[in-house]
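Visitor: Take a look at the following structure, please.
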Amino acid sequence: MAWIERHYWIDKDVALTAAQEWLAELSGIGVHGVLGRRLEVQIASILTRRGDPRQGAVEMQRMLDWAERHGELALQSRCHEVLGSIFELVGDRALSLEHAVAANSLLDDSEVPLMRAAARLTLADALGSAGSFDEARRRYNEALRLVIDDPETSIRYQILNNLAYTEYLAHNHDEAMTAVESLIALSQLHNRPIGMYARDTIARVYLVAGRLDEAAATLETALEAKPVDYHPDSIAAALVTLAETYRTQGRFDQAQDVIDRCLALSEEHGLVRWTTEVTREQAETYAAKEDFQAAFESYRSYHAQSIALSASENEAKGRILEAMFQTAESRQESERYREMAERDPLTDLHNRRFVDEHLTMLLMLHREGGSPVAIAMLDVDHFKRINDTLSHEVGDEVLRALGRILTDALAPVPGAVAARLGGEEFLLILPALAEDQVIEVSERVRVAVGSHDWSPISAGLHVTVSLGVALAPADGDTSTALLRAADVRMYIAKRDGRNRVVHAGA
């Protein structure tokens with residue numbers, strides 16, 4: 001798999017063919033799983049660059065959902081990386097940044113440098129498009145350092161190209177020219193042709209430097225060759241630059257021909273960004289020809305399109321701010337905020353949201369041959385009496401103390417989780433334990449609660465709990481079935497006198 005992912009940066013045709021053949025082989029023998037999904041992501045990421053990015057986004061989101069359900073962090077990162085590139089392609093800077101941040105936060109230092117560099121590149125692109133040029137430059141340089149000794153130059157080539165374009169957007173013309181010269185030197189050193197995106201970058205840098213003939217020549221040869229292997233987005237970008245170059249040279253008829261071509265291409269492929277940009281260029285061309293009425297109409301159309309794009313970006317402003325906050329690039333920080341959303345604020349235990357996701361994931365892994373899963377539902381005995389006779393404040397203190405007791409009791413149990421489902425009801429998730437071990441842990445919890453000194457909260461207070469135990473697969477292999485079985489046994493424990501554990505063999 002690593003070979004195929006690496007060849008994405010060497011020869012996408014080879015990587016695509018190999019991934020398709022491998023996936024067909026796995027499907028033929030009835031094996032799919034994580035490997036199959038990684039192959040699907042690789043195939044989709046290549047085909048998306050050659051087809052409809054909107055459809056690609058739908059497919060990639062489907063694979064991301066699968067990866068999240070199965071807890072596959074590396075696969076999640078790769079999906080976010082591709083989604084970030086897709087949304088950058090169609091001009092949605094907010095979603096591009098959000099996915100790029102997620103792609104990086106899910107990777108750790110154990111991932112191969114090439115994959116980490118690819119994620120950094122996606123983040124740098126998104127930050128540059130959002131106008132965070134200093135942050136973008138830092139990520140581009142990090143990406144370069146990660147692959148500086150890599151014998152394959154393709155990713156370095158793309159990093160340099162995108163760095164040059166970002167410096168151009170930031171009006172750092174000298175820095176942009178330096179990056180362009182490095183890009184050209186790298187291409188010459190390794191005898192590789194310059195692609196359309198890179199040609200557009202070079203032409204734009206030449207254009208602002210006043211080297212108009214070089215700017216036009218950089219694009220004309222490639223565009224005349226009608227490169228079928230180039231993505232429509234790259235051609236549209238190059239056409240806008242060529243139209244501007246012709247206009248600056250005073251070659252208005254040629255500029256208009258290029259504008260018409262670009263507009264047709266952008267509308268055909270739904271390239272909203274370039275439809276807007278070429279409309280602006282149309283207005284500039286009319287104005288240069290002193291056709292001010294036509295220029296006014298084009299500017300009005302450009303203005304309307306720009307407002308529509310801005311409205312879409314403003315709608316996702318909250319997501320942008322969240323993503324920007326997370327670009328401090330501390331995975332621990334990102335996990336802390338995710339953890340806060342899955343914690344009960346009163347007890348600091350995990351909440352129902354976490355239970356739904358975590359238990360579902362454990363049971364999926366179990367059905368695919370993983371370890372057994374057990375739960376114990378726990379309810380505080382006579383809790384209403386505590387609230388009614390001693391006050392709700394005392395009740396809250398009891399729940400807080402119970403959260404600490406459960407945490408301490410489960411600390412020696414690998415993978416065990418305590419959660420508050422709501423009110424005085426709690427859940428223990430106990431993976432990879434035999435039935436007798438599950439019962440032993442549950443009894444230990446019951447005894448810990450009953451023997452705890454509750455007098456600091458209220459003199460004479462005594463608290464006990466009732467527990468119902470359920471195990472997969474004996475009591476079901478879905479979270480709904482398991483929770484139902486545990487709930488029934490918990491109420492049997494309360495019916496039969498409370499302060500006890502009820503399990504299947506009881």
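The values are calculated or read from the model by the stated rules, or taken from the named source; none is laboratory data. None of these values were measured; they are calculated from a predicted model. Note that we place each Cβ from the backbone using ideal geometry, even for glycine, and neighbour counts take in every protein chain shown. These area figures cover heavy atoms from the full protein model, side chains too; ligands, DNA and RNA do not enter into them. Shrake-Rupley method; radii C 1.70, N 1.55, O 1.52, S 1.80 Å.
Visitor: If the requirement is being of a type in the set (A, V, I, L, M), farther than 30 Å from residue 362 by Cα, modelled with pLDDT under 85 and crowded, with 22+ Cβ neighbours inside 10 Å, which of these qualifies: 86, 159?
Guide: Just one listed residue meets the conditions, 86.
Visitor: For the stretch 425-447, enumerate the residues that are buried (at least 16 other Cβ atoms within 10 Å of the Cβ) and assigned to a loop (DSSP other than H, G, I, E, B).
Guide: If the condition is that a residue be buried (at least 16 other Cβ atoms within 10 Å of the Cβ) and assigned to a loop (DSSP other than H, G, I, E, B), then 432, 433 are the ones that fit.
Visitor: A follow-up question, please. Would a scan of the stretch 460-470 turn up a residue that is out of contact with any Phe, Trp or Tyr (no Cβ under 7 Å at 6 or more places or on another chain), more than 16 Å from residue 505 (Cα to Cα) and at pLDDT below 95?
Guide: yes
Visitor: Report yes if residue 139 is open to solvent by 50 Å² or more (accessible area, probe 1.4 Å) and under 19 Å from the mean Cα position of the chain (by Cα), otherwise no.
Guide: no
Visitor: Could you figure out which of (1) of a type outside the set (S, T, N, Q); (2) more than 33 Å from the chain's Cα centre (by Cα); (3) open to solvent by 50 Å² or more (accessible area, probe 1.4 Å) isn't true of residue 281?
Guide: (3)
Visitor: Listed residues 143, 176, 126, 136; which is assigned to a helix (DSSP H, G or I), touching a residue at least 40 places away in the same chain (Cβ under 8 Å), touching a helix residue (DSSP H, G or I) at 6+ places or on another chain (Cβ under 6 Å) and among the hydrophobic types (A, V, I, L, M, F, W, C)?
Guide: Residue meeting the stated conditions: 126.
Visitor: Right, here's the next one. Scan (1) farther than 27 Å from residue 182 by Cα; (2) assigned to a helix (DSSP H, G or I); (3) open to solvent by 20 Å² or more (accessible area, probe 1.4 Å) for the single condition residue 94 breaks and write down its number.
Guide: Every listed condition holds for residue 94 apart from (3).
Visitor: Report yes if some residue within the stretch 148-155 is open to solvent by 40 Å² or more (accessible area, probe 1.4 Å), assigned to a helix (DSSP H, G or I) and either at pLDDT below 90 or not hydroxyl-bearing (Ser, Thr, Tyr) (or both); otherwise report no.
Guide: No; the residues of the stretch 148-155 include none that is open to solvent by 40 Å² or more (accessible area, probe 1.4 Å), assigned to a helix (DSSP H, G or I) and either at pLDDT below 90 or not hydroxyl-bearing (Ser, Thr, Tyr) (or both).
Visitor: Filter the helices (runs of 4 or more DSSP H) completely within the stretch 308-424 down to those with at least 2 residues that are at pLDDT below 95, basic (Lys, Arg) and in contact with a Ser or Thr (Cβ under 9 Å, 6 or more places away or on another chain).
Guide: It comes to 331-340.
Visitor: Just for the stretch 452-469: of the residues that are of a type outside the set (A, V, I, L, M) and under 22 Å from residue 492 (Cα atoms), which one is most open to solvent (accessible area, probe 1.4 Å)?
Guide: Taking the candidates together, the pick is 462.
Visitor: Further question: Out of the stretch 470-483, which residues are within 21 Å of residue 381 (Cβ to Cβ) and either open to solvent by 70 Å² or more (accessible area, probe 1.4 Å) or among the basic types (Lys, Arg) (or both)?
Guide: Correct list: empty.
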